Amino acid sequence: MSKPITDLIHHPYTPPSSFEAPQGGVYKASTVFFKDVAAMRARDWKTKAGYTYGLHGTPTTFVLEERLAALEGGSDCLLAPSGLAAISLVSLALLKTGDEVLLPDNVYGPNKALAAGELANYGITHRLYNALDPSDLAAKLSPRTRLVWIEAAGSVTMEFPDVSALASLCRERGVTCALDNTWGAGLAFRPFDLEGEGWGVDVSVHALTKYPSGGGDVLMGSVVTQDPALHLKIKLTHMRLGLGVGVDDVQAVLRSLPSMALRYAAHDQSARDLARWLSQREEIAQVLHPVLPDSPGHENWRALCGATDLAAGLFSVVFDERYGTEQVDAFCDALKLFRLGYSWGGPISLVVPYDIGLMRDASVAAWPYQGTLVRFSVGLEAVEDLRADLLQALDAL
């Protein structure tokens, strides 16, 4: 007679497979069973034709990958533990000793730190180019350049580049072009079809931590591609690095995806309202938001996003230079609804003061503003309440 615990572990019952509900099942697995040795030997982890090991995917992760690929207009998607992990995956997969990567001068800080740290340790060099000047990128592309990163818009200084022109230069030179598409989120524009002719960037990286998650409680990133050979190259590195994501987090993103377009539009509208209001305040020297005509790269935003008229929920302000760092810090401390915290895309509005001198290389392009910069991520609170919060904090100046 078998022991009860053995019967418990090997209980033969399986539920009927006809169950359907708004949310799909959450499949958690490290080990995956095979019916026989032949099936084990025949299974290929590089495709979605079957399952081999939890690290290579379950039905839950496969569903999220397919939906994200469709969202961004690509054909294949890989999940990573964070947006930065997705960035690192792309660079590590596509670069080797002796290669060069070009980064925009408004690049996400940790991407630049990766290039100056790990990539440099591996004998990979990097240079910065002026994000708003395609001719500067053209001049800096060299036979050693293997990867170019684009940000639209810059995650702090909000310049909006001519993505089509930059991607076109890369394509002409045979250089892989990767876009950090967290701001656009697959909604503001289609990264693989920039000119309506079926071409654009080669890789779209997305911090799912932001708008796809929407709750400020998930860390995850994605890498979407359109070329199967490029996808496989990145996927092989993905496997060798052992990158995986928690399935509960995958389910959280899947649950949030259907409302993302609604939330994105709400963030966008409130951010525009507040950006325009702040542009009239005498305390503010400049508001940096792509929809504003005097914001750097406004015409590029209009050309790329005019069909959707979307612009996310981020903007930055430069305070009049008569206000020093301590005064601007006091303004940030005085805010009650805007909380001090990194990231964006969640329901709660956030604020962060930045030291531009630490973020930009003046030798690439001069920063035209003298005051202290503060970035706002607008949440889902009533815009009237957020405006009142900003007004009372301005008194702290």
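Lys and Arg at +1, Asp and Glu at -1: add these up for the other residues within a Cβ distance under 15 Å of Thr372 and post the number.
Once positives and negatives cancel, what remains is -3.
May I ask you to derive the relative contact order of the chain, considering only C-alpha pairs under 8 Å and at least 6 residues apart, and to give it as an integer percent?
16
Tell me the net charge near Leu169. Cut-off is 13 Å between Cβ atoms, Leu169 excluded, with +1 for each Lys or Arg and -1 for each Asp or Glu.
Computed value for this residue: -2.
With a cut-off of at most 14 other beta carbons within 10 Å, and DSSP calling the residue loop, which GluC sites (Glu not before Pro) in the stretch 207-315 qualify? Please list them.
Numbers: sites: Glu282, Glu283, Glu299; in loops: Glu282, Glu283.
When the GluC sites (Glu not before Pro) of the stretch 207-315 are filtered for loop state and at most 14 Cβ neighbours within 10 Å, Glu282 remain.
Hey, got a sec? Which trypsin sites (Lys or Arg not before Pro) in the stretch 323-383 land in a DSSP loop and have at most 15 other Cβ atoms within 10 Å?
On the way: sites: Lys336, Arg339, Arg360, Arg375; in loops: Lys336, Arg360.
Passing both the DSSP loop test and the Cβ count: Lys336.
Among DSSP beta bridges whose residues both lie in the stretch 37-258, state the antiparallel percentage, nearest 5.
The answer is about 40 percent antiparallel.
How far is helix 325-334 tilted off the main Cα axis of the chain, in degrees rounded to 10, range 0 to 90?
60
Of the beta bridges DSSP finds with both residues in the chain, what % are antiparallel, to the nearest 5?
Details: 24 of 42 bridges.
Antiparallel: roughly 55 percent of the beta bridges in the chain.
Just from its helices, what would the mean residue ellipticity at 222 nm be for the chain, if runs of 4 or more DSSP H residues each count -39500 (n - 2.57) and the sum is divided by every residue, rounded to the nearest 500 deg cm²/dmol?
Computed ellipticity for the chain at 222 nm equals -10500 deg cm²/dmol.
Treating only the Cβ of Lys, Arg, Asp and Glu as charged (+1, +1, -1, -1), what charge dipole size does the stretch 37-258 show about its Cα centre? Round to the nearest 20 debye.
820
Please give the charge dipole size of the chain, origin at the Cα centre, charges +1 on K and R Cβ atoms and -1 on D and E Cβ atoms. Round to the nearest 20 debye.
I would put it at about 1620 debye.
Can you tell me the relative contact order of the stretch 37-258? Whole percent, Cα pairs under 8 Å, sequence separation 6 or more.
Relative contact order, the stretch 37-258: 26 percent.
Of the residues Asp105, Asp294, Asp268, which exhibits the maximal mean-square fluctuation in a Gaussian network model of the chain defined by a 10 Å Cα contact cut-off?
The residue with the greatest mean-square fluctuation here is Asp294.
Could you grab the relative contact order for the stretch 259-394? Cα pairs under 8 Å, six or more apart, rounded to a whole percent.
After rounding, I find 28 percent.
Out of His206, His11, His231, any idea which swings most in a Gaussian network model of the chain, alpha carbons joined below 10 Å?
Comparing His206, His11, His231 in a Gaussian network model of the chain, the most mobile one is His11.
Determine, at each q value in 0.10, 0.12 (inverse angstroms), the log₁₀ of I(q)/I(0) that the Debye formula gives when each Cα of the chain is one equal point scatterer.
-0.69, -0.95
For Lys46, go through the lysines and keep the ones whose alpha-carbon is under 22 Å away, minus same-chain ones fewer than eight residues off.
Lys28, Lys35, Lys233, Lys235
Every number here is computed from the coordinates shown, using simple stated rules; none is lab data. Bear in mind that the values here come from a model prediction, so they are computed numbers and not experimental data. All Cβ positions, even for glycine, are placed from backbone atoms using ideal geometry, and neighbour counts span all protein chains on display.
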